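Trainee: I'd like to ask some things about the structure below.
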Amino acid sequence: MAKKRQRPKSKAKARTKHSHRRLKRTVAKSRPPVLQYTPWSSVPLEDLNPLLQRQMVWGQKIMLARVLLKKGCIVPEHSHPNEQLTYILEGALKFWIDGKEIVVNAGETLSIPSNMPHKAEALADTVDLDVFSPPRADWINQTDQYLRGRK
C-alpha cells in the first residue's frame with residue numbers, strides 16, 4: 001500500500017503566517033496610545049497674526065484645536081488632506097467652500113472633506129473648535145504660513 005505523501009504547506013499560508021508575525025512586531029514597536037488630560041488653561045495660546053490665535057492638543061489619529069478669531073479675520077483659501085469638523089462655540093464664521101457661501105453660527109457645525117479648498121471670515125469675535133483627522137502636521141510643525149500673515 002502506497003503511503004500518501006504529505007503536501008508541503010502552501011506558500012500563501014506560509015506568507016500569511018510570516019506577514020502576521022511582521023505585523024505583530026510592527027505594532028509592538030509603535031508607541032502605545034497615551035491617556036491625556038489637558039485643561040485649555042495649560043495650553044499656550046499661539047499668536048498667528050494680530051486677529052488669530054489658537055491652542056491645540058492631539059493624539060495619534062485626531063487633533064482638536066481651539067481657534068480664536070477677531071471680527072474681520074480672514075483665513076485665506078487653502079486645502080489639506082485632513083478631514084475637518086468645525087464647531088462654533090461663540091460668534092460666526094462665513095465660509096466660501098465648494099462654490100457656496102455658508103455662515104456657521106454659534107452652536108452649529110460644518111464638516112469639510114479632505115482636499116476641499118475653503119476660505120473663512122470671522123463675522124464677529126469667534127471661538128471655534130476644529131477637529132482634524134489625522135492631526136495637521138503643518139500646524140504641529142508650524143509650517144502653516146497661510147495663517148501667519150497680517151490679516
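Trainee: Given the conditions (1) at negative phi; (2) buried (at least 17 other Cβ atoms within 10 Å of the Cβ), which single one is not true for Pro81?
Mentor: All conditions are met except number (2).
Trainee: A further question follows. Which members of the range 97-127 meet the condition of being more than 18 Å from Val67 (Cα to Cα), surrounded by 14 or more Cβ atoms within 10 Å (Cβ to Cβ) and not β-branched (Val, Ile, Thr)?
Mentor: None - no residue of the range 97-127 is more than 18 Å from Val67 (Cα to Cα), surrounded by 14 or more Cβ atoms within 10 Å (Cβ to Cβ) and not β-branched (Val, Ile, Thr), so the list stays empty.
Trainee: Does the range 59-87 hold any residues that are in contact with a Lys or Arg (Cβ under 8 Å, 6 or more places away or on another chain), within 19 Å of Ser111 (Cβ to Cβ) and of a type outside the set (Gly, Ala, Ser), and which are they?
Mentor: Residues satisfying the conditions are Met63, Arg66, Val67, Val75, Glu77, His78, His80, Asn82.
Trainee: Could you check Gln142 against (1) under 23 Å from Ser42 (Cβ atoms); (2) over 17 Å from the mean Cα position of the chain (by Cα); (3) surrounded by fewer than 18 Cβ atoms within 10 Å (Cβ to Cβ); (4) among the polar types (S, T, N, Q) and say which number it fails?
Mentor: (2)
Trainee: Okay, next question. List the number of the failed condition for Phe132; all other conditions in (1) crowded, with 19+ Cβ neighbours inside 10 Å; (2) among the aromatic types (Phe, Trp, Tyr); (3) more than 17 Å from Leu68 (Cα to Cα) hold.
Mentor: (3)
Trainee: I've got another one for you. Among the listed residues Ala137, Ala65, which satisfies the condition of being within 29 Å of Leu35 (Cβ to Cβ), of a type in the set (A, V, I, L, M) and without any contact (Cβ under 8 Å) to a residue 12 or more places away in the chain?
Mentor: After applying the criteria, what remains is Ala137.
Bear in mind these aren't lab numbers, they're just calculated from the coordinates by the rules spelled out. This is a predicted model, so every value here is computed, not measured. Virtual Cβ from ideal backbone geometry, glycine too; neighbours counted across all protein chains shown.
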